[in-house]
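Down below is the structure, laid out as structure tokens.
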Amino acid sequence: MAIDENVRAQIRAGWADAMARLADGALVRYGNEKKVYVIESGKKRWIPTAEVFNGLGYDWKKIATVAAS
């Protein structure tokens, strides 16, 4: 199914707006994904392993689950 370029632009704009609302250092997981990301300068950065997550001193209880779009 092809998506109109205007729709794509609206999706990108909405995503950028949502990311800008998350504070730096926020930990997020999308829907049922197992991947965890940290927000840095309005961008999501994947944390590739539990070892890296723990090594960076993050708290597993502080991961927010965000509805997948």
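Observations on the model:
- Charged neighbours of Lys35, selected by a Cβ distance under 12 Å, balance to +3 (K, R count +1; D, E count -1).
- Extension gain from Trp46 to Val66, taking 0.36 nm per residue of separation minus the Cα-Cα distance: 5.7 nm
We did not get these values from a lab; they are worked out from the coordinates using the rules stated. Given the structure is predicted, the values throughout are model-derived calculations rather than measurements. FYI the Cβ positions are ideal-geometry reconstructions off the backbone, even for glycines, and counts take in every protein chain you see.
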